[in-house]
Amino acid sequence: MKHLSMFGVAVAVLLSAPLGDRIVSAQQQPKATVQNIQSQRPVQLNLMAEKKVMQKDAQGKPKATWQAMRGKVTVFPGDVIRYTVRGANSGDRPVKNLVLTQPIPKQTTYILNSVTINHPGVAVTYSIDNGKSFTEKPIVKVKLAGGKVKAEPAPAELYTHIRWKFDKAVDASKLVGAAYQVKVK
């Protein structure tokens, strides 16, 4: 059995994910960050987690719903969790050059192509080296028989961070949101 705790904090979102008997404390998890070149213009952030729950509809067909996770919630290997980062420009002017970086929690695997965004002009990049570098399509080098090296797309298990770079300004009093899904190991 695994437990997942989470909370959001304004401007820096801290993710703690205690899982099973191997408790992962908040100090062990990297912080999700918001970088804003014009730091005098505040962006308030909120991080939410939802667990995918399969139910049957009136016709008996399986239907996926999302259940908000608050406090300690039991999760099991194979469970899917959707993390949503929402930000609000609480200033009176547009915020330019907004960058959100979100770690993929340990004990989970990123679900490829699960990112959704509600704001135009956002570049999504990923890290496979604990946030040191980011690229749209992470690549790994694989050594083939005969000694040749081949570049291949990195497997989902190697993804460590997701970054959203907002190319367009976030207007005053506007909300932005981005989400991604992970599977519990």
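The values are calculated or read from the model by the stated rules, or taken from the named source; none is laboratory data. Predicted, not measured: the structure shown is a model, and the values here were computed from it. As a convention, Cβ positions derive from the backbone with ideal geometry for all residues, glycine included, and neighbour counts pool all protein chains shown.
Taking the stated definitions as given, is K56 at pLDDT below 95, surrounded by 12 or more Cβ atoms within 10 Å (Cβ to Cβ) and more than 18 Å from A156 (Cβ to Cβ)? Before the answer, list the steps.
On the way: at pLDDT below 95: yes; surrounded by 12 or more Cβ atoms within 10 Å (Cβ to Cβ): no; more than 18 Å from A156 (Cβ to Cβ): yes.
Taking the combined requirement at face value, the residue does not satisfy it.
Tell me the strands (runs of 3 or more DSSP E) entirely within the range 103-145 that contain at least 2 residues that are free of Cβ contacts under 8 Å to residues at least 24 places away in the same chain.
139-143
Mind listing whichever residues of the range 159-176 are under 18 Å from Y83 (Cα atoms) and either free of Cβ contacts under 8 Å to residues at least 40 places away in the same chain or crowded, with 17+ Cβ neighbours inside 10 Å (or both)? Break it down stepwise before answering.
Kept after step one, since they are under 18 Å from Y83 (Cα atoms), are these residues of the range 159-176: 159-165, 175-176.
Hits for the range 159-176 are Y159, T160, H161, I162, R163, W164, V176.
Which residue out of T109, T84 is in contact with a helix residue (DSSP H, G or I) (Cβ under 6 Å, 6 or more places away or on another chain) and either more than 27 Å from M54 (Cβ to Cβ) or not aliphatic (A, V, I, L, M) (or both)? Can you show your working first?
Values: T84 fails: in contact with a helix residue (DSSP H, G or I) (Cβ under 6 Å, 6 or more places away or on another chain).
Answer to the selection: T109.
Could you give me the residue pairs with C-beta distances under 6 Å whose first residue belongs to the range 50-61 and is farther than 22 Å from Q181 by Cβ and of a type in the set (D, E, K, R), whose second residue is in a strand (DSSP E or B) and at pLDDT below 90 wherever it lies, and which are 6+ apart or on separate chains?
Short answer, once both residue conditions are applied: none.
Can you spot a residue in the range 166-173 that is under 30 Å from K96 (Cα atoms) and either modelled with pLDDT of 95 or more or polar (S, T, N, Q) (or both)?
If we filter the range 166-173 for residues that are under 30 Å from K96 (Cα atoms), which is where we start, we get 166-173.
Remaining after also requiring either modelled with pLDDT of 95 or more or polar (S, T, N, Q) (or both): 173.
Yes - at least one qualifying residue is present in the range 166-173.
Which members of the range 146-160 meet the condition of being among the charged types (D, E, K, R) and in a helix (DSSP H, G or I)?
Step one: list which residues in the range 146-160 are among the charged types (D, E, K, R), which gives 148, 150, 152, 157.
Within the range 146-160, just E157 meets the criteria.
Given R82, R86, which one is assigned to a strand (DSSP E or B), of a type in the set (K, R), closer than 18 Å to F166 by Cβ and at pLDDT 90 or above? So that I can check it myself, show each step before the final result.
On the way: R82 fails: closer than 18 Å to F166 by Cβ.
Just a single option satisfies the conditions, and that option is R86.
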